[in-house]
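Participant: Quick one: structure below, then a few questions.
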Amino acid sequence: MRHQARGGAVSQAKWFPHVNGVNPPQAMRHWLTDTMSLTKKLIACCECFRVQRLAQRLALALPDEVAAVALPRRVQVQEREVLLRCDEKAMVYAHTIVPLSATASDWPFFGRLGERSLGTTLFGDPRVWRGELEYARLHAQHPLAIRAAAAVDVRLHGPLLARRCLYKRGHGLLLVTEVFLPEIVHLRQNQNA
């Protein structure tokens with residue numbers, strides 16, 4: 001499934017090292033900048049949290065992911081797509097890629113996650129190094145915005161706020177992008193989470 005316009009401009013987002021680069025509304029700032037596990041944060045805000053796996057497959061890295069995971073060009077990667085749901089409402093579309101150069105010992109759990117949370121695994125493993133968060137506004141034609149809209153079966157208006165983070169375990173890299181869906185602004189945040 002390819003969603004790339006000529007010239008690649010539509011396929012790429014501008015990623016910023018600071019949240020002010022995307023000028024988020026105040027209601028979104030805490031969701032974007034909190035460095036704790038997003039899974040843990042969502043669990044604290046609802047009665048029933050669940051991960052809905054949409055896909056796990058080989059796919060081409062997106063144009064704006066190539067440099068982030070040190071690939072020389074767009075090549076195949078392992079890709080995982082999920083929705084994070086609170087009380088059955090989709091709050092976050094998450095997209096993860098792992099370059100094929102990573103070994104099974106680098107990310108031994110990745111292929112067996114099913115509907116379990118990747119975040120819980122990443123934050124619970126002392127061998128995982130976590131990079132800095134980056135932020136973007138994904139316009140409606142960005143591949144991840146298109147996939148997020150299709151996953152929740154709604155037409156999304158305006159750009160979606162997203163953040164991403166690079167993880168390293170052994171010699172393997174893993175890039176997690178979290179796209180915040182509009183419903184998240186209605187979720188009560190537990191400030192103690």
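The values are calculated or read from the model by the stated rules, or taken from the named source; none is laboratory data. Just so it is clear, the structure is predicted and the values come from calculations on it, not from any experiment. Glycine also receives a Cβ, built like all others from the backbone with ideal geometry; neighbour counts cover every protein chain displayed.
Participant: So for the range 71-79 (the condition being of a type outside the set (Phe, Trp, Tyr) and within 23 Å of LEU32 (Cα to Cα)), does at least one residue qualify? Reasoning before the result, please.
Facilitator: Restricting attention to the range 71-79, the residues satisfying the condition of being of a type outside the set (Phe, Trp, Tyr) are 71-79.
Now drop any that are not within 23 Å of LEU32 (Cα to Cα), which leaves 79.
So far as the range 71-79 goes, yes, one or more of its residues are of a type outside the set (Phe, Trp, Tyr) and within 23 Å of LEU32 (Cα to Cα).
Participant: Ok, one more. Do you know which of the residues in the range 121-142 that are of a type in the set (Gly, Ala, Ser) and within 27 Å of PRO25 (Cβ to Cβ) is surrounded by the most Cβ atoms within 10 Å (Cβ to Cβ)?
Facilitator: Going residue by residue through the range 121-142, those that are of a type in the set (Gly, Ala, Ser) are 124, 131, 136, 140.
Now drop any that are not within 27 Å of PRO25 (Cβ to Cβ), which leaves 131, 136, 140.
Working: GLY131: 13, ALA136: 23, ALA140: 14.
Step by step, filter the range 121-142, then rank; the result is ALA136.
Participant: Those residues that are in a helix (DSSP H, G or I) and at pLDDT 95 or above, I need them from the range 1-27; list them, please. Even if it seems obvious, please write down each step before you answer.
Facilitator: To start, the set of residues in the range 1-27 that are in a helix (DSSP H, G or I) comprises 6-8, 19-21, 26-27.
If the condition is that a residue be in a helix (DSSP H, G or I) and at pLDDT 95 or above, then VAL19, ASN20, GLY21 are the ones that fit.
Participant: Only residues in the range 75-92 that are touching a residue at least 40 places away in the same chain (Cβ under 8 Å) and at positive phi count as the first member; pair them with residues that are of a type outside the set (Val, Ile, Thr) and buried (at least 18 other Cβ atoms within 10 Å of the Cβ), Cβ under 8 angstrom, at least 6 apart or cross-chain, and list the lot.
Facilitator: Note: no pairs meet the criteria.
Participant: Continuing with this model, one more query. If you go through the range 72-109 one residue at a time, how many are surrounded by fewer than 18 Cβ atoms within 10 Å (Cβ to Cβ) and either within 16 Å of the chain's Cα centre (by Cα) or not aromatic (Phe, Trp, Tyr) (or both)? Explain how you work it out, then say what you get.
Facilitator: Residues of the range 72-109 that are surrounded by fewer than 18 Cβ atoms within 10 Å (Cβ to Cβ), as a first pass: 72-76, 87-89, 100-101, 103-105, 108-109.
Remaining after also requiring either within 16 Å of the chain's Cα centre (by Cα) or not aromatic (Phe, Trp, Tyr) (or both): 72-76, 87-89, 100-101, 103-105, 108.
Matching residues across the range 72-109 total 14.
Participant: Find all pairs meeting these conditions: Cβ atoms under 6 angstrom apart; at least six residues apart or on different chains; first residue within the range 33-44 and in contact (Cβ under 8 Å) with a residue 12 or more places away in the chain; second residue in a helix (DSSP H, G or I) and hydroxyl-bearing (Ser, Thr, Tyr).
Facilitator: Pairs found: THR39/THR120.
Participant: Next question, about the same structure. Might you check whether a residue that is over 25 Å from ARG155 (Cα atoms) and of a type in the set (Gly, Ala, Ser) occurs anywhere in the range 70-81?
Facilitator: Start the filter on the range 70-81 by keeping residues that are over 25 Å from ARG155 (Cα atoms), which leaves 70-78.
Filter once more, keeping what is of a type in the set (Gly, Ala, Ser): 70.
Within the range 70-81 (the criterion being over 25 Å from ARG155 (Cα atoms) and of a type in the set (Gly, Ala, Ser)), the answer is yes, since at least one residue qualifies.
Participant: Being among the β-branched types (Val, Ile, Thr) and farther than 18 Å from ALA55 by Cβ is the filter here, so list the residues in the range 103-152 that pass it.
Facilitator: Here is the first cut: in the range 103-152, the residues among the β-branched types (Val, Ile, Thr) are 103, 120-121, 128, 146, 152.
Passing the criteria: THR103, THR120, THR121, VAL128.
Participant: Which residues, counting only those in the range 52-67, are closer than 24 Å to TYR135 by Cβ and touching a helix residue (DSSP H, G or I) at 6+ places or on another chain (Cβ under 8 Å)? Give the steps one after another, and end with the answer.
Facilitator: Taking the range 52-67 first, the residues closer than 24 Å to TYR135 by Cβ are 54, 59-67.
Of everything in the range 52-67, those that are closer than 24 Å to TYR135 by Cβ and touching a helix residue (DSSP H, G or I) at 6+ places or on another chain (Cβ under 8 Å) turn out to be LEU54, ALA61, LEU62, PRO63.
Participant: Still on this structure, I have one more. So, in the range 42-92, exactly how many residues are in contact with a strand residue (DSSP E or B) (Cβ under 9 Å, 6 or more places away or on another chain), closer than 25 Å to THR103 by Cα and in a loop (DSSP other than H, G, I, E, B)?
Facilitator: Residues that pass the stated criteria total 8.
Participant: Condition check: surrounded by 19 or more Cβ atoms within 10 Å (Cβ to Cβ) and either modelled with pLDDT under 95 or closer than 25 Å to GLN76 by Cβ (or both). Does LEU156 satisfy that?
Facilitator: Details: surrounded by 19 or more Cβ atoms within 10 Å (Cβ to Cβ): no; either modelled with pLDDT under 95 or closer than 25 Å to GLN76 by Cβ (or both): yes.
So LEU156 fails the test.
Participant: Could you list all residues from the range 13-48 that are small (Gly, Ala, Ser) and farther than 20 Å from HIS142 by Cα? So that I can check it myself, show each step before the final result.
Facilitator: Here is the first cut: in the range 13-48, the residues small (Gly, Ala, Ser) are 13, 21, 27, 37, 44.
Within the range 13-48, ALA27, SER37, ALA44 qualify.
Participant: Also, I was wondering about something else. Scan the range 131-148 for residues that are free of Cβ contacts under 8 Å to residues at least 40 places away in the same chain and either aromatic (Phe, Trp, Tyr) or under 21 Å from LEU175 (Cα atoms) (or both) and jot them down. Give the derivation first.
Facilitator: Of the range 131-148, the ones free of Cβ contacts under 8 Å to residues at least 40 places away in the same chain are 131, 140, 145.
Correct list: GLY131, ALA145.
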